[in-house]
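Working notes, structure below.
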Amino acid sequence: MRILLIGNHWTEGPGGAETVLVLTAGLLREAGAEVVPFAVAEERTLPTPLRDRLPVAAGSGARTRFGEAWAAVWSARAYRALGDVVDRVRPDVAHVHHVFERLTTSVLDLLRRRGVPTVMTLHDYKPVCPNFRLFTGGVPCTRCLSGGPWQVVRHRCLEGSRWRSVAAAADAYAARARGLYDGVDRFLAPSGFLRDRVVEGGLPGGRVDVLPNPVVAAAAPRAARAEPPGIVYASRLVPEKGVDVLLDAAARLPPGVRVRLIGSGRAEAAVRGRVAAQCLPVDVAGPLPPAGVADALRGAAAAVLPALWWENCPMAVLEPAALGVPVVASAVGGIPELVDHGRTGLLVPPGDAGALAAALLWVLDHRAEADRMGRAAWLRTRERHDPARHVAALLACYAEVGERVAAR
């Protein structure tokens, strides 16, 4: 089977969508499939036989923010480039991951016009929420599910940018008008929570299946945490991830315990400034390669994800669990589907720095119980996020949509 794997970035990171894309490619190849990645051209782009055919990101070279915002709605360059690739590759199926703003939904238009069977993994809420996150003003928001995409303009949901918000709303209305998502034969939601929200927002429930993200578990759970104990946060440095809440909690930890932040994002400068100004016990490490992240997690007393928005199926929870590290995370979105409170980790109310600090202190003070949680998390991850079962489900899905399209 020849699979065209499409996503904004064919790179190692920076986010979970890219991690899943690269992992999926490897799993499919191990299963005997031929995989052809298609993404925007970047310096960090991983090897692909079509490297010289990849388009630049939508909006590249735009002279104004207005131009950049509108260019990110639909990319003629991506459309033409993908058309050329489809003609050359003749894929049996296209598996689309995150394409919004850089490749843009132009790739979905091309696949539909060429009659390519299409599966799409949803990494966020973009099909029903123009700002991706169902999150505005620091809290979850469902206005677009009931009030329409114009809400994104009213509340300037795209980081406060008027032009980005207008462009995102226009994109949403245009997608509805041209039946953009009707050409997707099957949607895959990595969490039941996300599935319910996108169906509530209008996607057909009969074409949205739940398939949790895979993760490669260690051969055995880690032997012991490092000393002195530390806490690791490995995710993007953005407000919706609750980074400020974590900094508040860090100030309440006992002397000698440090929090290590791994990742980058639009809040990085503000985080570094606050850490320095308040002399917080926090180390801002910046982005690290996957091996470096794994090494940091392996020695941590706990991993932490104090998210404020409705997370989907975050790798920031799965990756430490796959190493046998307990996770302390917010009880939001799809996270409770990944963490069995009190058995594989601890869940806390979002935005509650006191509760977060208390949970981290419990892990630090109850080493034996925390170790048991880590082992239970490792077992749960092996059972529920097994890569072999994941790729088998993907191949079955590809075969089904291929047969359906052929019959149609």
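Rounded if a/c is under 1.5, else prolate if a/b beats b/c, else oblate: with a ≥ b ≥ c from the C-alpha gyration tensor eigenvalues square-rooted, which is the chain? Prolate, because a/c is 1.5 or more and a/b exceeds b/c. For S191, nonlocal amide neighbours, meaning residues 5 or more places apart or on other chains whose placed amide H falls under 5 Å from its own, are L211.
Projecting the Cα positions of V128, A217, W70 onto the charge dipole of the chain (unit charges on Cβ atoms of Lys, Arg, Asp and Glu, taken about the Cα centre) puts W70 furthest along the positive direction.
Under 17 Å from the 7 Å Cα→Cβ point of A41, by amide nitrogen: which residues of the range 93-116? Answer for the range 93-116: 102-104. Across the alpha-carbon set of the range 19-148, the Rg to Rh ratio works out to 0.99, Rh being the Kirkwood radius. Residues in the range 250-261 carry Karplus couplings, in order, of 4, 5, 9, 7, x, x, x, 8, 10, 9, 10, 9 Hz; the curve used is 6.51 cos²θ - 1.76 cosθ + 1.60 with θ = phi - 60°, and Gly or Pro positions show x. A simple spin-label model places the labels of D52 and E30 3.3 nm from each other, with each point 7 Å out along Cα-to-Cβ. Remark on R260: its backbone amide H falls under 5 Å from those of I231, V232, Y233, D283, a criterion applied only to residues 5 or more positions apart or on other chains, H modelled at 1.01 Å from N. Charge dipole (Cα centre; +1 on Lys/Arg Cβ, -1 on Asp/Glu Cβ; no other charges) of the range 1-129 amounts to roughly 420 debye.
What percent do you get for the relative contact order of the range 88-188 when only Cα pairs under 8 Å and 6+ apart count?
This gives 30 percent for the range 88-188.
Placing +1 on the Cβ of every Lys and Arg and -1 on the Cβ of every Asp and Glu, with nothing else charged, gives the range 230-384 a dipole about its Cα centre of roughly 240 debye. Phi-derived couplings, Karplus 6.51 cos²θ - 1.76 cosθ + 1.60 at θ = phi - 60°, listed residue by residue for the range 99-112: 10, 5, 6, 10, 7, 6, 6, 4, 5, 5, 4, 5, 4, 5 Hz, with x used for Gly and Pro.
By counting other Cβ atoms within 10 Å of each Cβ, how are T104, T24 ranked from fewest to most?
Lowest to highest Cβ neighbour count: T24, T104.
Rounded to the nearest 5, the antiparallel percentage of DSSP beta bridges internal to the chain is 5%. With the Cα gyration tensor of the range 302-408 giving a ≥ b ≥ c as the square roots of its eigenvalues, does the rule (a/c under 1.5 for rounded; else a/b larger than b/c for prolate; else oblate) give rounded, prolate or oblate? Here the range 302-408 falls in the oblate category. Spin-label pair R375-S60: with each label point 7 Å from Cα along the Cα-Cβ axis, the two points sit 5.1 nm from one another.
Under the rule a/c < 1.5 gives rounded, and otherwise a/b versus b/c splits prolate from oblate, where does the range 230-384 land using the Cα gyration tensor? Rounded, because the longest to shortest axis ratio a/c is under 1.5. Under 5 Å from the amide H of L5 lie the amide H atoms of V36, F38, H95, each residue being 5 or more positions distant or on a separate chain, with H modelled from the backbone and absent for Pro and chain starts. Sparse packing (at most 12 other Cβ atoms within 10 Å of the Cβ) combined with a DSSP loop state is found for the following trypsin sites (Lys or Arg not before Pro) in the range 221-273: R266. Using helices alone, what [θ] at 222 nm do you get for the chain, with -39,500 (n - 2.57) per DSSP H run of 4 or more residues, divided over all residues and rounded to the nearest 500? Helix-only estimate at 222 nm: -12500 deg cm²/dmol.
Ranking of C279, C157 by neighbouring Cβ atoms within 10 Å, starting from the fewest: C279, C157. If you plug the beta carbon distance of A399 and S146 into 1/(1 + (r/R0)^6) with R0 = 30 Å, you get a FRET efficiency near 0.20. Computed from phi, the 3J(HN,Hα) profile of the range 266-278 under the Karplus parametrisation 6.51, -1.76, 1.60 (θ = phi - 60°) reads 5, 9, 4, 4, 5, 5, 4, x, 5, 4, 5, 5, 9 Hz, with x in place of Gly and Pro. Take every pair of alpha-carbon atoms less than 8 Å apart whose residues are at least six positions apart; their mean separation over the length of the range 230-384 yields a relative contact order of 24 percent.
We did not get these values from a lab; they are worked out from the coordinates using the rules stated. Computed from a predicted structure; not experimentally measured. Using ideal geometry, Cβ is built from the backbone for each residue, glycine included, and neighbour counts are taken over all protein chains shown.
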